[in-house]
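No value in this document is a laboratory result; all are computed from the given coordinates. For clarity, every value in this text was computed on a predicted model and none was experimentally measured. Neighbour counts run over all protein chains shown; Cβ positions are idealised from the backbone, glycine included.
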């Protein structure tokens with residue numbers, strides 16, 4: 001207890017932003033930025049440094065929303081997630097001529113320019129590279145993919161697995177690209193939505209994974225998945241949330257781990 005009082009509480013965290021949306025025809029949405037000190041971070045980065053938070057402090061807490069699909073290009077990017085000093089950037093929206101930059105980059109249509117990912121958070125999106133199809137959005141663990149042929153969509157990049165909650169869960173996959181004819185691109189592992197063929201509606205990114213949306217072709221695109229904030233503190237700590245927070249918690253080893261699935265820009269957490 002004295003050591004905690006003097007040095008602060010050791011905190012494990014996983015902070016994932018909202019994934020990017022996608023339209024028609026655009027590339028797949030990029031995954032939300034992925035930052036953690038409890039395993040591999042996004043963009044191929046190693047675990048971030050240990051985090052010590054003074055007891056009794058009140059800290060910012062926000063879970064980013066997924067980006068909205070749009071009839072104009074590019075679609076909406078996701079919004080950032082925040083835990084204390086840790087900020088993850090929203091996934092880039094899929095674009096036609098130009099995908100948006102973000103935590104992971106949004107894909108682009110045909111030979112358009114895909115968006116770039118953020119160092120330490122995610123990978124770049126891709127274009128399709130041919131005609132009549134779109135490239136995949138970047139994921140936290142892999143770049144978006146080209147289709148490899150005309151009339152097809154590229155796959156979204158895969159996300160990254162974490163065991164912070166006590167079991168292995170993959171999150172922050174990029175969205176797949178839409179296509180004129182089968183097959184459309186598949187969403188990346190970790191909540192990326194599948195692209196759509198022809199006039200069908202694409203699949204949204206999965207909620208609370210930061211997955212990017214799959215893109216449409218002449219049908220509708222969809223919205224990116226919301227992010228999530230997960231953190232673990234020693235079981236001796238007391239944790240109090242402001243009124244707008246939705247969370248669940250469980251004991252994992254010597255920590256109590258909190259999974260926050262909703263928190264607005266004015267929400268906070270006090271750790272004592």
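Given Cα pairs under 8 Å that are at least 6 residues apart, what percent is the relative contact order of the range 16-112?
Numbers: 338 pairs, mean separation 36.2, N = 97.
Relative contact order for the range 16-112 comes out at 37 percent.
Quick one: in the chain, what % of C-alpha pairs are over 28 Å apart?
30
Pick from 208, 223, 37: which is most flexible by mean-square fluctuation in a GNM of the chain where alpha carbon atoms under 10 Å apart are linked?
Comparing 208, 223, 37 in a Gaussian network model of the chain, the most mobile one is 37.
Per DSSP H run of n ≥ 4, the term is -39500 (n - 2.57); total these for the chain, divide by its residue number, and report the mean residue ellipticity at 222 nm rounded to 500 deg cm²/dmol. Intermediate results must be reported in sequence, preceding the final value.
Details: 1 runs with 6 residues, N = 272.
So the calculated ellipticity at 222 nm is -500 deg cm²/dmol.
So for the range 62-104, averaging the separation of alpha carbon pairs under 8 Å that are six or more residues apart and normalising by length, what relative contact order in percent results? If you can, show how the numbers build up before the last one.
Working: 95 pairs, mean separation 14.3, N = 43.
Once normalised by length, the contact order is 33 percent.
Could you sort the peptides 196-204, 237-245 by per-residue average Cβ neighbour count (10 Å cutoff), highest mean leading? Working shown, then result.
Details: 196-204: 21.8, 237-245: 14.0.
Top to bottom by mean Cβ count within 10 Å: 196-204, 237-245.
Where does the range 114-256 land on Rg(C-alpha)/(2.2 N^0.38 Å)?
On the way: Rg = 17.4 Å, N = 143, 2.2 N^0.38 = 14.5 Å.
This ratio for the range 114-256 stands at 1.20.
When a footprinting reagent is the concern and you count Cβ atoms within 10 Å, what order do 217, 13 take, fewest first?
Numbers: 217 28, 13 21.
Starting with the residue having the fewest Cβ neighbours, the order is 13, 217.
Length gain on complete extension for the stretch residue 236 to residue 168, per 0.36 nm per residue less the alpha carbon to alpha carbon distance? Could the numbers behind the result be given before it?
Details: separation 68, 0.36 × 68 = 24.48 nm, distance 2.51 nm.
Contour length minus Cα-Cα distance gives 22.0 nm.
Could you order peptides 25-32, 164-171, 254-261 by the average number of other Cβ atoms within 10 Å of their residues, highest first? Intermediate values should be presented prior to the final figure.
Values: 25-32: 49.8, 164-171: 17.4, 254-261: 18.9.
The peptides rank, most packed first, as 25-32, 254-261, 164-171.
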